[in-house]
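These notes are about the structure you will find just below.
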Amino acid sequence: MLLVYMSITGNVRDFVERVDMKSYEIIPTNPFHEVFEDYIVVVPSYENMITEDVSDFIDYKGNIAYLQGFASSGNLNFDDLYCVNAKELSIKYNKPLIFTFEYAGTDKDIEYFKKEVNSIAVSTITV
């Protein structure tokens, strides 16, 4: 499973690097990159431009066909805005928000996230 992510402050990048799975970073100045494998999008909670840039990536060519869900970094002090970008994307694309974590996540977050991703990867295998 590919992890496609966007990182503004470095928290999401740190999380993804610690997960140690194949990954691709969305660059805001050029979000147009085609993928050919199942992926999960990991985003921070930031400004609306994140939702727009990630949408540009998802909507590019056939990328939407491989989208499996979303994960997000956030700050619980933001109440309703905690992981807001991933929540919006989840609704927009009717895909699950599979995991949220604070800042760059803990070791326990990494462990749990890997289990969730592996569960999704197994369930998408077709016989």
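Points worth noting:
- Relative contact order for the chain: 25 percent, from Cα pairs under 8 Å spaced at least 6 residues apart, divided by residue count.
- Computed from point charges on the beta carbon alone (+1 for Lys and Arg, -1 for Asp and Glu), the dipole magnitude for the chain about its Cα centre is near 320 Debye.
- Summarising the amide proton neighbourhood of Val42: residues at separation of 5 or more, or on other chains, whose placed amide H is nearer than 5 Å comprise Val4, Tyr5, Met6, Ala71.
- For Lys114, a cut-off of 23 angstrom between C-alpha atoms picks up these lysines, skipping any fewer than 8 places away in its own chain: Lys22, Lys87, Lys95.
- Around the amide H of Val35, modelled in the peptide plane, lie the amide H atoms of Asn63, all under 5 Å away and 5 or more residues distant in sequence or on another chain.
- Amide H contacts of Glu102 (H built 1.01 Å from N, in plane; Pro and chain starts excluded): Gly74 sit under 5 Å, all sequence-distant by 5 or more or on other chains.
- Distance (nanometres) between label positions extended 7 Å along Cα→Cβ at Lys61 and Ile120: 2.1
- Calculated from backbone phi, Karplus (6.51, -1.76, 1.60) coupling profile of region 58-70 in Hz, x at Gly/Pro: 4, 7, 6, 6, x, 4, 4, 5, 9, 5, 10, x, 9
- For Tyr60, net neighbour charge (Lys/Arg +1, Asp/Glu -1) across residues whose Cβ lies under 12 Å away: -3
- Couplings for region 108-115, taken from phi via the Karplus curve 6.51 cos²θ - 1.76 cosθ + 1.60 with θ = phi - 60°, read 5, 4, 4, 4, 5, 4, 4, 4 Hz in order; Gly and Pro are left as x.
- Rounded to the nearest whole Hz, the Karplus-based 3J(HN,Hα) values (6.51 cos²θ - 1.76 cosθ + 1.60, θ = phi - 60°) of region 79-96 follow the sequence 6, 5, 8, 4, 6, 4, 5, 5, 4, 5, 5, 4, 5, 4, 9, 6, 10, x, with x at glycine and proline.
- Most mobile of Asn85, Asn48, Asn11 in a GNM of the chain (Cα contacts under 10 Å): Asn48
Throughout, read-outs are computed from the coordinates displayed, never taken from laboratory work. The structure displayed is predicted, hence computed values, not measured ones. Please note: Cβ atoms are built from the backbone with ideal geometry, for glycine as well, and neighbour counts cover all protein chains shown.
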